[in-house]
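The structure appears right after this line, and notes come after that.
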Amino acid sequence: MTKFLLVLHVLVAIVAVGPVTVAASMFPPSARRALAEPDNPRATETVRLLHRICRVYAGLGIAVPVLGMATALSMGVLYDTWLIVSMVLTGIAAAVLLALVLPRQEEIIEAVGPASAAPAASAASTEVAASTASTASTASTEVAVNPRVTVQLAMFTGIFNLLWATVTILMIVRPGSTTGA
């Protein structure tokens, strides 16, 4: 049973976390392109697709720590230091994804969405629309103008990816483990 759980844990980690790390890494440069080219529907579609991948696979990723805990319990290593550190880092990675990466992606999508959905408007009508927009729309307009948001998003995505890389290394090396490796 232990080998089955371990194989399942590793496969789900590869299938669920892998796409999130790749799509999240591709999002900031794609967002910069979509913000720079608001009339390019392909750039907008790419950003939306990358966000959807991140969101869906993040949900599937919940199975990774669940299967990991079942595997650790089966192996009798649930209280080993390397595993506890891995679980803490996994929690931090999830928090970074849920609190910092996905919300910023959504802000960018809101900023990109209306520009590509509406037909090209004159500069005067854009100014009028921007001045009469609600607070939420004003925030999205600021996102479109401020390239720092994509830089910040890239930083948070890098932190998320480094946390997962560290967890992967801990899972392979298992420092201090007496179960082999």
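The values are calculated or read from the model by the stated rules, or taken from the named source; none is laboratory data. Treat the numbers as computed from the prediction; the structure is a model and nothing was measured. Every residue, glycine among them, receives a Cβ derived from its backbone with ideal geometry; neighbour counts consider all protein chains shown. All accessible areas refer to the heavy atoms of the entire protein, side chains included, with ligands and DNA or RNA removed. Shrake-Rupley method; radii C 1.70, N 1.55, O 1.52, S 1.80 Å.
How far apart, in nanometres, would the label points at SER74 and ILE62 be if each is projected 7 angstrom from Cα along the Cα-to-Cβ direction?
Here the answer is 2.2 nm between the modelled labels.
Could you tell me what % of all Cα pairs in the stretch 13-75 have separations over 19 Å?
Details: 846 of 1953 pairs.
That tail contains 43 percent of the Cα-Cα pairs.
Mean projection of the alpha-carbon convex hull of the stretch 46-88 over all orientations, in nm²?
3.5
Could you give the length gained on full extension between MET1 and VAL173, defined as 0.36 nm per residue of separation minus the Cα-Cα distance, in nm?
Numbers: separation 172, 0.36 × 172 = 61.92 nm, distance 2.19 nm.
Stretched fully, the MET1-VAL173 segment lengthens by 59.7 nm.
Please compute the modelled spin-label separation between ALA36 and ALA165, points set 7 Å along Cα→Cβ, answer in nm with one decimal.
Output for this residue pair reads 2.5 nm.
Among LEU49, LEU153, LEU162, what's the order by accessible area (1.4 angstrom probe), most exposed first?
Highest to lowest solvent-accessible surface, that is LEU162, LEU49, LEU153.
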